[in-house]
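Take a look at the structure set out below.
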Amino acid sequence: MKTSARIYFVTGSKFKYREIADYIPGIEMLAVPNLPELQSLDLQEVIKAKLQSARDAVGESDYLVVEDTALHLCSLRGFPGPLIKFLLARLHNEGIYNLCKKLGDRKATAECAFGLFTPSVGTMEIAIARKTGTISRPRVSLASAGIEFSCPLVPREHLQKWNRSREESLLDEK
């Protein structure tokens, strides 16, 4: 008897999983230890490689979903793109704002990409959403959780809602 394919969101982040589970009923979290992640300026290449690595690690019998993000700063001619996590780790939100302000161009494009492996046909599909805007001074903080979060291209009311739910989930995990 053949069992039906399951759908997995491949991530090590419980928070990311909770967020996507609100939109895709029945999706399950699958953490793949030491999943290789391609470092590239091309978000589509990053997603494709991440999806292939996940598929290699867990097989081809289930649906697999992966995600990644990018931030393209006009003042740096599109850099850092998918490498944004490294820039954030060094400069933080305030530093990125100050850099763009000092260079005289605060325009940026944020991208969010999802990759889907469909087992019945063995295909990989990639969807990328883009939002262009202006880097603004960070203004939202999660002081009680010790985390600052600010997304310069997201309306303030969405950040406030996100931070409330994020803070609750962080406190639940403690």
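Points worth noting:
- Among the residues of region 97-111, those that are surrounded by 14 or more Cβ atoms within 10 Å (Cβ to Cβ), touching a helix residue (DSSP H, G or I) at 6+ places or on another chain (Cβ under 7 Å) and of a type in the set (A, V, I, L, M) comprise L99, A108.
- Entirely in region 1-98, the strands (runs of 3 or more DSSP E) that have 3 or more residues that are closer than 18 Å to I126 by Cα and at pLDDT 90 or above: 7-10, 63-73
- Test: residue in region 47-58 that is buried (at least 17 other Cβ atoms within 10 Å of the Cβ), more than 16 Å from R6 (Cα to Cα), free of Cβ contacts under 8 Å to residues at least 60 places away in the same chain and touching a Pro at 6+ places or on another chain (Cβ under 7 Å): yes
- Here D42 does not qualify as acidic (D, E) and closer than 14 Å to T11 by Cβ.
- Residue list for region 89-133, filter: within 13 Å of H72 (Cβ to Cβ) and β-branched (V, I, T): I96, T109, I128, T132
- Conditions (1) in a strand (DSSP E or B); (2) within 15 Å of I7 (Cα to Cα): number failed by V121: (1)
- Long-range neighbours under 6 Å by Cβ, at least six apart or interchain, first residue of a type in the set (F, W, Y) within region 12-35, second surrounded by 13 or more Cβ atoms within 10 Å (Cβ to Cβ): F15/S169; Y17/F9; Y17/T11; Y17/M29
- Residue that is surrounded by the fewest Cβ atoms within 10 Å (Cβ to Cβ), among those in region 81-96 that are in contact (Cβ under 8 Å) with a residue 12 or more places away in the chain and under 15 Å from E37 (Cβ atoms): L83
- Members of region 99-118 found to be touching a Ser or Thr at 6+ places or on another chain (Cβ under 8 Å) and outside any loop (DSSP other than H, G, I, E, B), listed by number: L99, C100, L103, K107, A108, T109, A110, E111, C112, A113, F117
The values are calculated or read from the model by the stated rules, or taken from the named source; none is laboratory data. Just so it is clear, the structure is predicted and the values come from calculations on it, not from any experiment. Using ideal geometry, Cβ is built from the backbone for each residue, glycine included, and neighbour counts are taken over all protein chains shown.
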